[in-house]
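Each reported figure results from applying straightforward, stated rules to the coordinates on display, with no laboratory input. For clarity, every value in this text was computed on a predicted model and none was experimentally measured. Cβ coordinates were reconstructed from backbone atoms using ideal geometry, including for glycine residues, and neighbour counts include every protein chain displayed.
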Amino acid sequence: MFARLARFVVRHPWWTILAWVVAAAVVVVFSPSLQTKSDQGDFLPSKYESIQAAKLSEKAFPQQADVTAFIVVKRADGGKITPADSAKIAKVAKDLTAKRYPTVEGFLAGPQTVAPNKAVQVISVPMKGMDQDASKQQTKAVKEMRKVLPAELGGGLSAKVGGDPASSADNEKSFSQSLALVSIGTFVLIIGLILLIFRAPIAAILPILVILATETVSMKLIGAASRLLNFSGDDSLSIILTIVLFGIGADYYLFLLFRFRERLRAGDDKKTAMITTVERVGEVITSAAAAIAVTFLALMLASFGIFSAWGPSLAIAVLVMGVTALTLFPAIISLLGTAVFWPSKAWKKQPKSALSTKLGGAVGRRPALVALGTGALLIVLSIGAFSFKSDYDFQSSFPQDTESAQATKDMQTGFPPGLSTPVQVYLQSQDGKAISKATLKSFTDKAGSLPGVGRVQDPEPAPGGKVVRVDLLLKKNPNSNESISLVKNDLRPAVHQIAPSGTKVLVGGATAVYGDINKVVNRDLSVILPVAGVLIALILLVLLRSVVAPLYLVPIVLLGFAATLGSSVFVFQGLRGEPGEIFHLPIMLYLFVLAIGTDYNILMTARLREEAKEGHEPRKAAALAVQHGGPTVAAAGLILAATFSVMLLAKVSMLQQMGFSIAMGIALAAFVMSVFLVPGVTALLGHRAWWPGHADRPKPRKGPDPLEDQFAPTRVGS
């Protein structure tokens, strides 16, 4: 199959390029864009209590704001808010209401919004709308408020705008800056590292242009799929897609370019060299892309909407990149021929490859020692995984010098931290009668003494009085892990215990949502992780035609996953003292490390099989596989790890965690597992590694083999 594809692409490169361009143009013009959401609660299934509470709220309080901003006013001299100040603030609220900002329900201020210690006064700004258009209008309103407030308040008072709409506006800027940094850094790294390896500007720039085009097509196809499958992405999806596409795209490009250079060194003309390259590397690229895509598709089993949206999105991107690697890259390179390496002449020379030869020799001579040593390293790093803590405080991961972050800090000088994000308790009558004031008084009195509650707001009855909302303000940061655990494990059960007779109680609000997210993520991990492992094992079984090989390759990658997570814990929770790490980091690492680790393992085991087919005994085959395949894995791993490490430049700490952790996982997969552990274990198992098939059976020879020298030693930078 790959031989036929290679011959068509190489013999008809212009037709291949034209077909790709036309197909891309059709997709870009006629496919919709992907819609994204920023509210984590939007991705939860309806069976969870926090979502049921939100639905009850929408029905019982149709006029209730969807989101709320707040303006925190304080005296410029740091003094207490005076009655005159409060009257002035009330007038400002009235004047701002008259301006009728789109989506803004009004500006609410009064004596009850003055802090008990009179350090600040809050103007509440309820807003309607949760879609992208409403979000844009809310952002515009926040910016307008910030412009007019100094003039409205005059001297003596200062104000800052905070709350979710303001945070979204500020954090959108941080995400945009992060995306720009990641994109630029990715381009610079890929170009710089390929220049270092091949010393050829064309070879360095070509993948950037092709991958950019592939990304555009992928995003449009994902948009079309989102309409068909009814899913929406989150704000981080675009950054993840960029990194994934440039990472694996550079990998596949290097797989092709290294083998193409080898064939040219062997004396093939440019077309024959590329045909042989696609024929030999095509199976590796296809298997690797399939492994990654299938692993990502396992995310569709998730109940949490973010994960189930990542699944088809990332799978589509990977498959499109695989098609590009087997068609567009070969077509362009076959046209360029040796010019792709211009001006370097090093492609003509056969390098000595001293380092890879020594490493290969070490693996071949001492496979047990190599396997035990690398295995022990991974086990030690894995210990940290047992201390992993999830962090749901998204606001703290963003820069804290923004106005919205400062507004929250100012507000907490006079109010409980929970004021910005109250726990919303809904009492619903079960007998069709309105809930009495006496019942509410009894409930609120008891609620005030529940664990973690700092204050109980006045009850808000819905029309008819059959549903009442009671806001509980937490004493501590409502987005912290401590508060989330408190609500999930203590406060919610306690609220249910004091529920008045004849009522049904639902506990909602953002803190409760995060608690439910914790439940659904744990559920998804328990389902997705084993399914993904089985799928990867099946792909390896088909590729290698061996039952034994997947039995040690998959556990090795799982060990790599644990070591990666442990490394992240040591760095972020240990060295940097952070309270936890983004809650979906384990599933991201599992998928990336499992998929990409399998990617490199496929390349290395394919090389081990080829060396065995040349008639080499297992230890010699392992030595030659490391000698010949090691530089390709090292170069690909270096570029991919460096690409993800660019996320460390982002201003958002959760992106930094993702960047470091995934880069670490790739480095372990490339430089520890694929180069040492897998060849070492395979050498120890010998022919048993390929049971029950005969994948390592030497191929019969009928005279000189024209491809015998195709695995000539190579080295990074040669």
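What residue among GLY375, GLY364, PHE246 has its Cα farthest toward the positive end of the dipole of the chain, where the charges are +1 on Lys, Arg and -1 on Asp, Glu, each on the Cβ?
GLY364
Determine the sum of side-chain charges near SER653: Lys and Arg each +1, Asp and Glu each -1, restricted to other residues whose C-beta is under 13 angstrom from that of SER653. Mind showing how you got there, number by number?
Values: positive: ARG576, LYS651; negative: ASP391, ASP393, GLU578, GLU581.
Local charge sum for SER653: -2.
Sort SER568, SER86, SER674 by Cβ crowding within 10 Å, fewest neighbours at the top. Walk me through the intermediate numbers first.
Values: SER568 27, SER86 18, SER674 32.
Fewest-to-most ranking of SER568, SER86, SER674: SER86, SER568, SER674.
Taking every pair of alpha-carbon atoms in region 213-322, what share in percent sits in each 5 Å bin, from 0 to the bin with the longest distance?
Result, from short to long distances: 2, 12, 20, 20, 15, 11, 8, 6, 4, 2, 0 percent.
With r as the distance between the Cβ atoms of LEU301 and LYS358 and R0 = 60 Å, compute the FRET efficiency 1/(1 + (r/R0)^6) and round to 0.05.
Calculated value: 0.85.
With θ set to phi - 60° and the Karplus curve 6.51 cos²θ - 1.76 cosθ + 1.60, what are the ³J(HN,Hα) couplings of region 214-220 in order, to the nearest whole Hz, using x for Gly and Pro?
Calculated HN-Hα couplings, in order: 5, 5, 4, 5, 4, 4, 5 Hz.
Using the charge dipole of region 1-105 (Lys, Arg: +1 at Cβ; Asp, Glu: -1 at Cβ; taken about the Cα centre), state which of LEU34, GLN52, VAL22 has its Cα farthest towards the positive end.
Result: VAL22, furthest along the dipole toward the positive end.
So for the chain, Kirkwood radius off the Cα pairs, Stokes-Einstein at 20 °C and 1.002 mPa s: how many µm² s⁻¹?
Reported coefficient: 76 µm²/s.
Please give every one of the lysines within straight-line cross-link reach of LYS349, meaning a C-alpha to C-alpha distance under 21 Å, and leave out same-chain neighbours fewer than 8 residues apart.
Filter leaves LYS270, LYS271, LYS358.
May I ask for log10 I(q)/I(0) of region 422-508 at q = 0.19 Å⁻¹, from a Debye sum over the Cα atoms as equal point scatterers with solvent left out?
The computed values of log10 I(q)/I(0) come out as -0.78.
What's the exposure ranking of PHE296, PHE8, PHE246, going from fewest to most Cβ atoms within 10 Å?
Working: PHE296 25, PHE8 16, PHE246 28.
In order of increasing Cβ crowding within 10 Å: PHE8, PHE296, PHE246.
Mind checking which of LEU419, ALA623, LEU473 is farthest towards the positive end of the chain's charge dipole, using Cβ charges of +1 (Lys, Arg) and -1 (Asp, Glu) about the Cα centre?
Positive-most Cα among the choices belongs to ALA623.
Dipole of region 65-170, Cα-centred, from +1 at each Lys and Arg C-beta and -1 at each Asp and Glu C-beta, to the nearest 20 debye?
Details: 16 positive and 11 negative charges, 75 e Å.
Charge dipole of region 65-170: 360 debye, to the nearest 20.
If you rank VAL318, VAL26 by fewest surrounding Cβ atoms within 10 Å, what's the result?
Details: VAL318 26, VAL26 12.
Least to most surrounded, the residues fall as VAL26, VAL318.
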